[in-house]
Every structure is written in C-alpha cells, then in structure tokens.
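What follows is one structure encoded as structure tokens, with my remarks underneath.
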Amino acid sequence: MSNPMFEMRLYLLQRLTAILMLPMVIGHLATILYATRSELTAASILERTQSSPWLVVFYTAFVVLVSIHAPLGLRKIMGEWLRFSPKLANRISVLLCLGFLGLGLRGVWALTGAAMP
Amino acid sequence: MPHLTVRIWRGADEGEYQSFSVPMRENQTVLDVVSEVQRSQDQSLSYRFACRVGVCGSCAMMVNGKPRWTCRTHIRSLKSGVVTIAPLRNMPRIKDLVTDMSGFIDKWGKAGNVFESERDRRDAPVAVDPSSPRRKAADAAIECINCGVCHAACDVVSWNDSYLGPAALNRAWSLVNDERHSRKKETMAAAMGDGGCGNCHSQGNCMAACPIGLSPTRSIAGLKKMSLMSLLGGSDV
Ligand code: SF4
Ligand code: SF4
Ligand code: FES
C-alpha cells in the first residue's frame, strides 16, 4: 500500500469497532433473551420493533460496525492462512463488507421498517 | 551402552533426514550429540556453535520440532529415544543444520534497530534513572542476543514474508524506550509500518521459546499500544 501506516490504520479501525461492539453485543443478547423468554409471539415482537426508532439506530450502527470489523479479520485470515495475494484479499474484503452491509441493513429494514421516517 | 537414534537434516531446502545411532551418555546435550556424529561418523556434517554454554546463541536448531539452543538442551529432558534435529525454521537453509540468517538480520535493520545519539564526547552523559518506567521497559527487552529462536517459533513470520518478527520488534521496543536514542520517531514508524507490530497475534510462541526468558510478545504489545496512541494523536514517542 502507498501509505506505510495503512495496515496500522486498519488495525486501529478493527480495535475501535471491537470496543464499540462489545456493549452492543451484550445489548443484542439481552434483547434476544428478553424477546424469547417473555413468550412474545413473532407478530407481537415485530409490532414492537417496528414502532421503535431506537432499534433502527441501534441495529444500523451494529450492522455498520460488523461490516467493518468482520471483513478486516477475514482479510488477515485470507492473507495468512489461505495465502491470498493482498490485492485479492482486499477485493474480497470489500465485497464482504458490502455484502454484510446489504444483508444487515435489509434485516434492519424488515425488523423496523415501519419506524423509518 | 544404550543408543539413541538421531535424525539429522541433510541438504539445503531440498534434502532429507539421515539417521545416526549415538551412544547414550549420562550427561549429554543435543549439541554434544551433533558434535559426536560430526567427529566420529560423518565429517561432512555442517552446523554452527561457538560457546557451548548458552552465551552466544549460535547453536540454535529445531529439536523435535521446537527451536532451541542445542547446547542448553539435555537429551534427557527430551524424554524421547528418537531425536529429530533440523535447521532453524523461517530461514533459508544453506547446508545441513546451517541457515542463512541474513534475512533475519536485515529485518532488524528494517525495524530501525540502529542506536543513534545526537550527543558527542564533549557532552555530559545522559543521567538515566534506572527506576523510570521507560528504562524498566527497555531493560526488560535489552538482553536479546539475536539467536533467532523466537523468529523460528513465530507462525506469523512463516505466513507473512514482510513481517519483521519478534526479535526485531523487541529491539525496536527497547530503542523507543531509550531516552538517549535520537531517532525514536523513525524507529516507531518502522515498527508500526506494514510489516510491523500490528501483524502479531499476541499468542506468545516467541516468549515461550526464548531461551533467556525475554517476552517479545510484551514488547510488541507495548509497540501496539504506542502505535494506536500515536495514530489517535496522543503520541509520547
Ligand atoms: S528475544 Fe530471545 S529468542 Fe529472540 S533472538 Fe533475542 S534472545 Fe533469541
Ligand atoms: S506473539 Fe507475535 S511475535 Fe510472538 S510468536 Fe506470536 S505472532 Fe509471533
Ligand atoms: S553454543 Fe553458544 S549458546 Fe549454544
């Protein structure tokens, strides 16, 4: 890469997203536990999620963080274990990032669509 | 007298193991065994050593798959009737047990390992406080004698040609903590560049293998922390 600090910046980005995701993972698990333990039906869960702008913000941020964090980790695995060239690993990582973003945001939209402005 | 089976790598990158049978002795190191083979069975066997007492670090080889100083490894401690001896990992092989260490040494240079001072003989020496945190960090890393054992133990070195490796980065860590070193910024830039500390997985193979108990892992963790601080704008290098 032209910038010698490129790798270090990606490293920083991966650590920062990890730190931000940590409380969100706990929040996400708590939400799931609550939803499954409280004997809510799928319909009533959807009813609640679709009326919550807070959930839109939470899960949109979560999806964005995951889409940055996960491909960076996979990129290292592709380089070190699968011996992909840096160029190939970079390209696949960008595709993964876009894929995670697309799937994740579509999920957020489905869960909370009605709450969107 | 009971005998020990020793399998020794012969050749360069291409080659094969050759088996020798060596008398087992009461007190016998792996280096003793290699020397005995060379003296009494095959004089063409090539290997390196110098001090024979764990000072110089030149006798490092892979013993049963682990990098070790052969003069400090007792056959008894291996608890195995068959000993497999190969040249150090992660370095090109020259002949038999001798590796080409120039790539390893070049990486030291790439990690900004050269000490530089802006002072000359007319200046008073810097008063270094031995109890300051930075000096303690430098002291913890400084005893390295470039034996290459940690470099051979590191998987990331084997996966990534550009990775500088534990020994070179450990050296960089002792320099960025040395208040007399005038090129800390350059050393830091090298240590956090593409082949630098961000590649380390922090799993400590290097630390477990270092014969003098240094922890390149901890040094590299220190470099990582410093790099992140400097990228975030709070550098104290
Ligand atoms: S850190 Fe230890 S194992 Fe690594 S080169 Fe220095 S002395 Fe050898
Ligand atoms: S801790 Fe880092 S330098 Fe040491 S062996 Fe593991 S990856 Fe290599
Ligand atoms: S020969 Fe010097 S350390 Fe082994």
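The values are calculated or read from the model by the stated rules, or taken from the named source; none is laboratory data. Just so we're clear, the structure is a prediction, and the values are computed from it rather than from any experiment. Using ideal geometry, Cβ is built from the backbone for each residue, glycine included, and neighbour counts are taken over all protein chains shown. In case anyone asks, the SASA skips ligands and DNA or RNA and just uses the protein heavy atoms, side chains included. Shrake-Rupley method; radii C 1.70, N 1.55, O 1.52, S 1.80 Å.
Yes or no, residue by residue, for (1) part of a loop (DSSP other than H, G, I, E, B); (2) more than 16 Å from ligand 2 (Cβ to nearest atom); (3) within 14 Å of chain A (Cβ to nearest Cβ); (4) touching an Asp or Glu at 6+ places or on another chain (Cβ under 7 Å):
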{"position": "B:Glu36", "(1), (2), (3), (4)": "no, yes, no, no"}
{"position": "B:Leu45", "(1), (2), (3), (4)": "yes, yes, no, yes"}
{"position": "B:Gly54", "(1), (2), (3), (4)": "yes, yes, no, no"}
{"position": "B:Arg68", "(1), (2), (3), (4)": "no, no, no, no"}
{"position": "B:Leu88", "(1), (2), (3), (4)": "yes, no, no, no"}
{"position": "B:Lys107", "(1), (2), (3), (4)": "no, no, no, no"}
{"position": "B:Asn113", "(1), (2), (3), (4)": "yes, no, no, no"}
{"position": "B:Glu118", "(1), (2), (3), (4)": "yes, yes, no, no"}
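Mind listing just one residue for me: the one in the range B:163-174 that is in contact with a Gly (Cβ under 6 Å, 6 or more places away or on another chain) and assigned to a loop (DSSP other than H, G, I, E, B) and, of those, farthest from ligand 3 (Cβ to nearest atom)?
It comes out as B:Tyr163.
What number of residues within the range B:148-162 satisfy the criterion of being assigned to a loop (DSSP other than H, G, I, E, B) and within 14 Å of ligand 1 (Cβ to nearest atom)?
2
Test of understanding: among B:Ala221, B:Ala167, B:Ala190, which residue is assigned by TED's automatic domain parsing to the domain that holds B:Asn146, open to solvent by less than 40 Å² (accessible area, probe 1.4 Å) and at pLDDT 95 or above?
One residue alone meets the criteria, B:Ala167.
Counting only residues that are within 15 Å of the chain's Cα centre (by Cα) and in a helix (DSSP H, G or I), how many does the range B:175-210 have?
The number of residues fulfilling the criteria is 5.
Name the residue that is nearest to B:Val34 (Cα to Cα), counting only residues in the range B:64-90 that are surrounded by 19 or more Cβ atoms within 10 Å (Cβ to Cβ) and aliphatic (A, V, I, L, M).
B:Ile85
Show me the helices (runs of 4 or more DSSP H) found entirely inside the range A:1-99 where at least 2 residues are open to solvent by less than 70 Å² (accessible area, probe 1.4 Å) and within 14 Å of chain B (Cβ to nearest Cβ).
In the range A:1-99, the matching helices (runs of 4 or more DSSP H) lie at A:6-37, A:53-80.
Which one of the conditions (1) more than 14 Å from chain A (Cβ to nearest Cβ); (2) charged (D, E, K, R); (3) open to solvent by 70 Å² or more (accessible area, probe 1.4 Å) does B:Arg135 fail to meet, given that it meets all the rest?
Failing condition for B:Arg135: (3).
Which condition does B:Ile142 not pass, out of (1) within 16 Å of ligand 2 (Cβ to nearest atom); (2) of a type outside the set (Asp, Glu); (3) over 11 Å from the mean Cα position of the chain (by Cα); (4) within 11 Å of B:Pro216 (Cα to Cα), if it passes all the others?
Unmet condition: (1).
Please determine whether any residue of the range B:3-12 is on the phi > 0 side of the Ramachandran plot and more than 16 Å from ligand 1 (Cβ to nearest atom).
Checked against the condition, which is being on the phi > 0 side of the Ramachandran plot and more than 16 Å from ligand 1 (Cβ to nearest atom), the range B:3-12 yields at least one hit.
Could you please find all residues in the range B:44-61 being more than 14 Å from ligand 3 (Cβ to nearest atom) and open to solvent by 20 Å² or more (accessible area, probe 1.4 Å)?
Hits for the range B:44-61 are B:Ser44, B:Ser46.
Considering every residue within the range B:229-237, establish whether at least one is part of a helix (DSSP H, G or I), surrounded by fewer than 20 Cβ atoms within 10 Å (Cβ to Cβ) and away from chain A (no Cβ under 13 Å).
no
Read through the list (1) among the aromatic types (Phe, Trp, Tyr); (2) more than 19 Å from B:Cys150 (Cα to Cα); (3) buried (at least 16 other Cβ atoms within 10 Å of the Cβ); (4) touching a residue at least 40 places away in the same chain (Cβ under 8 Å), then give the number of the only condition that B:Phe115 fails.
Condition (3) is where B:Phe115 drops out.
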